[in-house]
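Throughout, read-outs are computed from the coordinates displayed, never taken from laboratory work. Predicted model, so just to flag it, every value in this text is computed and none were measured. Quick reminder, even Gly has a Cβ in these numbers, built from the backbone with ideal geometry, and neighbours come from all protein chains shown.
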Amino acid sequence: MMETTMNPAVIREQVSITGLLARLGYQPAHNSGRETVYRSVLHQDGKKPSLCVNDTLGVWYDKGTGKGGNVIDFGLAFWPGLEIRDVCGKLREMMEQAVPAAVTLMKPSRRKRHKALIQPYYHVDKVCELGKTPSIQLFLEKRGIWEEAQGILQEVHYHSVHAKLQPRQFFAAGHRNDSGSWQVRNKYFKGCLGNKGLTLLTGDSRRLCVFKDIFDYLSWKHDHPELTDSALMINSYSLLPAAIKMAMRYPAISVYFDHTPEGHQSLRQFIIELPYASDGTPAFNGHHDYSEKRRTEARAAYEAQKPIDIFKNIEIPFVR
């Protein structure tokens, strides 16, 4: 039973976002790790679900609008025009109602059950320091972040587990996120082996840099080896509300999201929530993200070191 209170802090702690959506009559489309995904109730987003809810963290994020936050933020978006006090009252009333019988926590679907049975997952076999696998070293060297990756990334060797296929072996550079899962990346794959989560590298307690992923951070670190700012990797834009919540403790923040529509929306939302945060994206204008900027520079440096072929443009006369 929920406490009969209008205190926003108590409501944020006690009101489940998925529980609220169920009482509003909305069915989840599917689950993705710890996230429950809905077709957005805040805008018409067509067939593709875009509203992600993480009840463990108590946050939501809508990819279509770039907005997110806690349950009260959702109420303000769902009931536009209401003040926070009125929204808290609505939330309390909704949570005192029973969940409609037609609404379940997961939408029953024969196709989804079948997919869950054959969808592969990954088992980590070994984790070791960088330098054991030449192809991983070459991958990081070509990205221009081999030196910066020392002590931060590790080699992750893992295999796929699939109900109908033979296991396949993989390896990549990776690091643990705050959920305890491995964020991995190699030439062919970029993703998370398990539950999504933020990654915080602690440094200066007053200064924070925020990135989409750790390759962007390592590329920034190459340009600023003297700085000791703390670094926060969100790893997924669906975790933006949790990232904003974590960033609140820092008085100086720079944000380096990528030059994509979702990245721009997330940057705007970040600065709306924390107006003193600064936009760091001009540092890699002309590139998709900080990582691409560094990779382009590393490629140019490699080409400049190659020996010049003085015969390359000399035409050999035709001889009968």
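Expressed in Å, the radius of gyration and Dmax of the Cα atoms of the range 140-274 are 15.8, 52. Looking at the range 240-276, the chymotrypsin sites (Phe, Trp or Tyr not before Pro) that sit in a DSSP loop and have at most 11 other Cβ atoms within 10 Å of their own Cβ are Tyr276. Our estimate of slack between Tyr26 and Gln97, defined as 0.36 nm per intervening residue step minus the Cα-Cα distance, is 24.1 nm. Put simply, the amide H of Arg34, placed in the peptide plane, has neighbours under 5 Å in Lys196, leaving out anything fewer than 5 places away on its chain.
Ranking Ser181, Cys128, Leu153 by Cα position along the charge dipole of the range 120-193, where only Lys, Arg, Asp and Glu carry charges on their C-beta atoms, puts Ser181 farthest toward the positive end.
Annotation for Leu227 and Glu303: the two label points, set 7 Å from Cα along the Cα-Cβ direction, are 2.8 nm apart. Each Cα pair under 8 Å and six or more residues apart adds its separation to the average, and for the range 120-193 the resulting relative contact order is 30 percent. Shown here for the range 198-232: chymotrypsin sites (Phe, Trp or Tyr not before Pro) in loop regions (DSSP other than H, G, I, E, B) with at most 15 other Cβ atoms within 10 Å, of which there are none.
What the Cβ-Cβ distance of His43 and Leu200 gives, at R0 = 41 Å and to the nearest 0.05, is a FRET efficiency of 0.85. Residue by residue, the range 208-213 carries 3J(HN,Hα) couplings of 9, 10, 10, 10, 5, 8 Hz when phi is fed to the Karplus relation 6.51 cos²θ - 1.76 cosθ + 1.60 (θ = phi - 60°); x denotes Gly or Pro. With both labels modelled 7 Å from their Cα along Cα-to-Cβ, the Lys245 to Glu262 distance reads 2.1 nm. Beta bridges assigned by DSSP with both partners in the range 199-304 are antiparallel in approximately 20 percent of cases. Summing +1 for each Lys or Arg and -1 for each Asp or Glu among the other residues whose beta-carbon sits under 12 angstrom from that of Ile136 gives +2. The loop-placed trypsin sites (Lys or Arg not before Pro) in the range 173-214, going by DSSP, that have at most 14 neighbouring Cβ atoms within 10 Å of their Cβ come out as Lys187.
Using 1/(1 + (r/R0)^6) with R0 = 45 angstrom and r between the beta carbons of Asn285 and Val10, what's the FRET efficiency to the nearest 0.05? Calculated value: 0.50. Computed from phi, the 3J(HN,Hα) profile of the range 276-284 under the Karplus parametrisation 6.51, -1.76, 1.60 (θ = phi - 60°) reads 7, 5, 10, 7, x, 5, x, 5, 10 Hz, with x in place of Gly and Pro.
What the Cβ-Cβ distance of Gln137 and Arg85 gives, at R0 = 51 Å and to the nearest 0.05, is a FRET efficiency of 0.30.
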